[in-house]
C-alpha cells in the first residue's frame with residue numbers, strides 16, 4: 001500500500017485527553033480514533049492488526065476443533081429473565097423500543113447460545129465421549145457492550161469491545177475437563193506466537209456466580225487493574241482477590257510472589273449446569289433418562305489484546321508489533337526526490353514484494369527523511385527497508401532494520417532481502 005493513499009495520518013502530538021500509553025500511541029499513529037469515553041473506531045492500520053489477531057485466535061479454535069458462528073448483539077429480555085441476570089448485572093445496557101419491548105446489548109452470550117443449542121442437541125450421541133469423539137463446541141467474534149461506570153486505560157477498559165467467546169457442551173465432568181485443558185493449551189500457543197509467553201500467566205481466580213474458581217490469563221503490565229501472585233516453581237498464578245483461600249500455590253504448594261500488576265486478557269469458566277438448567281437444556285442418556293448438559297465458556301479479549309500489545313511492547317520511539325499480527329511486514333522508505341534513483345528503485349522493489357505476497361507499506365510521500373523515520377518508528381512495522389543514494393552507490397542494495405531488536409542496520413541485496421523475509 002502507498003502511504004500517500006492511507007486514509008489516516010499520524011499526529012505530531014499525543015492526544016491530551018488520554019492517560020494510557022496504549023491509547024496515546026494508537027491514536028497518534030492512526031490505528032484508532034476515540035469517538036467518546038470507552039468507544040473507539042478502528043482505522044485501517046488498527047483493523048489490520050485486529051483481523052490478524054482474529055485469524056490467529058480463529059486457527060487455534062478451529063484446531064480444537066470448534067465451529068464458528070455469529071450470534072446477535074441485540075438480545076431478548078426474556079432470556080435474561082430466565083437466568084435471573086436481567087436485574088443482577090449492573091453493567092447491562094438495556095433498551096426499549098417504541099412498542100415497549102425491552103432488550104439487552106450483549107455483554108456475553110450464554111443467554112443466546114444455550115437456547116440456540118437446545119434446537120440441535122437431544123441425545124448422548126450428540127455429545128460424543130472425548131477424546132475420541134469430536135467435541136460439541138462453537139465460537140464467535142462479536143462486539144460486546146458493558147456499561148462501565150469508569151472507563152480508563154484506553155483499550156484495556158471500554159464500553160464497547162471485540163471479544164472471542166467459545167462455548168462447549170458436555171455429558172460429564174471428565175469430558176469437560178479434557179476440553180477445558182485443550183483450550184488452555186491453545187491459549188498458551190497464542191500468547192507464545194505473540195511473544196507474550198514470558199509475561200502471561202495462567203491464573204486461578206474467583207468463579208463469580210458459576211463456581212468457586214475460574215481461570216484467567218493475566219499479562220503483566222503496569223497499566224493493568226488486577227494483581228496476581230506468581231509461583232516461581234510452576235509459573236501458575238493466583239489473583240489477589242482469592243489469596244486468602246490459596247495462601248500457597250494451588251499447583252505445587254510452592255511460595256507465591258508479592259502481588260504484581262496485570263491485565264486479564266483471557267478467561268475460562270466452568271459453568272456447570274447453571275445455564276442448561278435455566279433453559280432446560282438436557283440430553284437423553286443411554287438409558288433414556290434426561291440429564292442436564294454441562295457447559296463451559298472461554299473468552300479472549302481481541303480489542304483488549306490490541307491495547308495490551310501496544311502497552312507492553314512499545315518503546316520510547318513508538319509501537320513495536322510482533323510480526324504475526326503487524327499491520328504490514330515491511331515499511332519501505334525511499335529517501336530523496338520523487339524523480340530520483342531511490343524512488344525508481346523503491347517502485348521496482350515494491351512491485352517485486354507484492355508479487356511475493358509480502359505486505360508492504362511504501363512511504364512514497366514527498367516528506368523529509370527525518371519525518372519518514374519518525375513515523376516509521378511510531379507505526380512500528382517489524383522490518384524497515386531504506387533505499388537511498390548511499391545504499392545504491394556501489395552496488396544496488398537496501399538498508400534493513402528490524403524494529404524489535406536494537407535497531408542495528410545492515411546492507412543487503414534485494415535477493416537477500418526477499419530470501420530473508422520470504
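One residue stands out among those in segment 124-161 that are within 30 Å of residue 173 (Cβ to Cβ) and in a strand (DSSP E or B): the one that is modelled with the lowest pLDDT, which is 136. For segment 95-113, give me each residue that is surrounded by 17 or more Cβ atoms within 10 Å (Cβ to Cβ) and touching a helix residue (DSSP H, G or I) at 6+ places or on another chain (Cβ under 8 Å). Hits for segment 95-113 are 103, 104, 106, 110, 111, 112.
Can you tell me which of 232, 237, 289, 253 is assigned by TED's automatic domain parsing to the domain that holds residue 57 and buried (at least 21 other Cβ atoms within 10 Å of the Cβ)?
On the way: 232 fails: buried (at least 21 other Cβ atoms within 10 Å of the Cβ); 289 fails: buried (at least 21 other Cβ atoms within 10 Å of the Cβ); 253 fails: buried (at least 21 other Cβ atoms within 10 Å of the Cβ).
Among 232, 237, 289, 253, only 237 is assigned by TED's automatic domain parsing to the domain that holds residue 57 and buried (at least 21 other Cβ atoms within 10 Å of the Cβ).
Can you pull out every residue in segment 292-325 that is without any contact (Cβ under 8 Å) to a residue 24 or more places away in the chain and either in contact with a strand residue (DSSP E or B) (Cβ under 9 Å, 6 or more places away or on another chain) or surrounded by 24 or more Cβ atoms within 10 Å (Cβ to Cβ) (or both)? Break it down stepwise before answering.
Within segment 292-325, the first condition is being without any contact (Cβ under 8 Å) to a residue 24 or more places away in the chain, and the residues that meet it are 292, 315-316.
Correct list: 292 only.
Residue-level analysis places residue 14 among those that are touching a residue at least 12 places away in the same chain (Cβ under 8 Å), under 28 Å from residue 150 (Cα atoms) and out of contact with any strand residue (DSSP E or B) (no Cβ under 9 Å at 6 or more places or on another chain).
When the criteria are applied in full, residue 227 meets the requirement of being surrounded by fewer than 19 Cβ atoms within 10 Å (Cβ to Cβ) and modelled with pLDDT of 95 or more. Selection over segment 114-124 of residues that are surrounded by 12 or more Cβ atoms within 10 Å (Cβ to Cβ) and without any contact (Cβ under 8 Å) to a residue 60 or more places away in the chain gives a count of 1.
Grab the helices (runs of 4 or more DSSP H) fully contained in segment 30-123, keeping just those with 3 or more residues being over 26 Å from the mean Cα position of the chain (by Cα) and more than 15 Å from residue 139 (Cβ to Cβ).
Details: elements: 44-62, 77-83, 110-117.
It comes to 77-83.
Of the residues in segment 174-190, not one is surrounded by fewer than 22 Cβ atoms within 10 Å (Cβ to Cβ), assigned to a loop (DSSP other than H, G, I, E, B) and under 21 Å from the mean Cα position of the chain (by Cα). Only one of the numbered conditions (1) at pLDDT 95 or above; (2) not in a helix (DSSP H, G or I) is not met by residue 304, and that is (2).
The values are calculated or read from the model by the stated rules, or taken from the named source; none is laboratory data. Computed from a predicted model, the values in this text were never measured in an experiment. Cβ: placed from backbone, ideal geometry, glycine included. Neighbour counts: every protein chain shown.
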